[in-house]
1. Give me the extension gain from LYS194 to GLU175: residue separation times 0.36 nm, minus the current Cα-Cα distance, reported in nm with one decimal.
2. Which ordering of PHE275, PHE163 is given by a fewest-first count of other beta-carbon atoms within 10 Å?
3. Residue separation times 0.36 nm, minus the C-alpha to C-alpha distance between ARG132 and GLU168: what's the value?
4. Which peptide among 217-223, 313-319, 264-270 comes first, and what is the full order, when sorted by highest mean count of other Cβ atoms within 10 Å?
5. Return ILE149, ILE283 ranked ascending by Cβ neighbour count within 10 Å, so the fewest neighbours appear first.
6. Take the Cβ-Cβ distance between ASP88 and SER123 as r, set R0 to 41 Å, and report the resulting FRET efficiency rounded to the nearest 0.05.
7. Would you mind getting me the FRET efficiency between ASN185 and ASN72? Use the beta-carbon distance for r and R0 = 22 Å, nearest 0.05.
8. When the expected Rg is taken as 2.2 N^0.38 Å, what fraction or multiple of it is the alpha-carbon Rg of segment 105-183?
Amino acid sequence: MPNLRSFSSHQNKYTGETPLTFCTFTLYARGLGWFNKLDRVAHHIRKVLTRDRLPKNGFLMEELIIQTTEKNVVVRDWSLKTQKEKGDSLMEGCVSNLPEHVTVNVHQNNLEDLVRIWNQWDSNTRGIFTERYRDIANLIAINVDERLIQAMVRFWDPAYQCFTFNQEDMNPIIEEYATLLCIDNEQFYKIYVKEPKPMTFKKKLMRLTDMTDTWAEKQINKKNKTSCIPWFSLRNLVLNHPDMLKRVNLFALAIYGLIVFPKFLGHIEVAVVDFFERLKQGINPVPTILAETFRSLSICRRKGEGRFIGCAQLLNVWILSHFWKLERTSFHMFSKTFAPLEAYLEKEWPKEVTE
């Protein structure tokens, strides 16, 4: 994760193009008034999807789903019309020159320690964690299909920031990832922006851990000139810190550093600590997660090699959710208490889906 400035206007150092991810476009286009019509449609869809019970007039849930599907058609038609009017977001003269063969490393951190710690916690501690950090703890139980992610990279179009499967273009969007992580609507539009003069890494570690200046200085390592802290230095604190809330916070930091932004295996870099500090202020982590995922996909696809350092767990869940179609949808999926990641972990996925 070279830089967590998700909405930077600087040019891409590999291509000279100005990056324009879907999440950036969505937030800023809304500010320009392009999405007025879409907002009205999305508001109607959101009202339908967040009802916890059948409407009083007796309509069945199947009818509500049909209504939602019809509204999706309206959104799609509006999107196609807007694209024709506004044109592509590519820079003039942009020519795609991608390597034919792609070899990507999707190696993940060993998460046995995190799984063991989570299983040792009682329901009260788990409840406090979930209240603070939503469903992100479920990521530790998701097995990444490395061959699936490697295959997906070959279908990634860096110019358009989407996967292209034959004639179908698709990519994960903010609303989908927010739903997977059960992000509250209240924090939906609070995005991460790096502080212009952040506190030093050592001071941040001292505040997060309540440890001394000497301890913090000894734990800081350098990986490719990037400051980071090894996971084993935090593991003992997560297990033995006298303050339960500190244990919860450090466990969440470990998930973000080892799973969501796994730049250095076995280590948590300074940029993740900066991001985590803002996370406690109630920002929505999804735009940054998507931006880093798109960035890593684009770099790997353009170079034809490299290590994918986006959140492979969320990408794995997202693509599989599009592979498998259910003829009938259970009503509880439209409940506010529904947890998509828990449902994913409980489902027995047919092996032939990814083989």
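Just so it is clear, none of the values below were taken in a lab; they were calculated from the coordinates. What you are looking at is a predicted structure, and each value in this text was computed from that prediction instead of being measured. Reconstructed Cβ throughout: ideal geometry from the backbone, glycine too, with neighbour counts over all protein chains shown.
1. Working: separation 19, 0.36 × 19 = 6.84 nm, distance 2.25 nm.
Stretched out fully, the LYS194 to GLU175 stretch lengthens by 4.6 nm.
2. Lowest count first: PHE163, PHE275.
3. 9.2 nm
4. On the way: 217-223: 13.3, 313-319: 22.0, 264-270: 19.9.
By packing density, highest mean first, the sequence is 313-319, 264-270, 217-223.
5. If I rank by nearby Cβ atoms, fewest first, I get ILE283, ILE149.
6. Details: r = 51 Å, r/R0 = 1.24.
The value I calculate is 0.20.
7. So the FRET efficiency works out to roughly 0.65.
8. That works out to 1.43 for segment 105-183.
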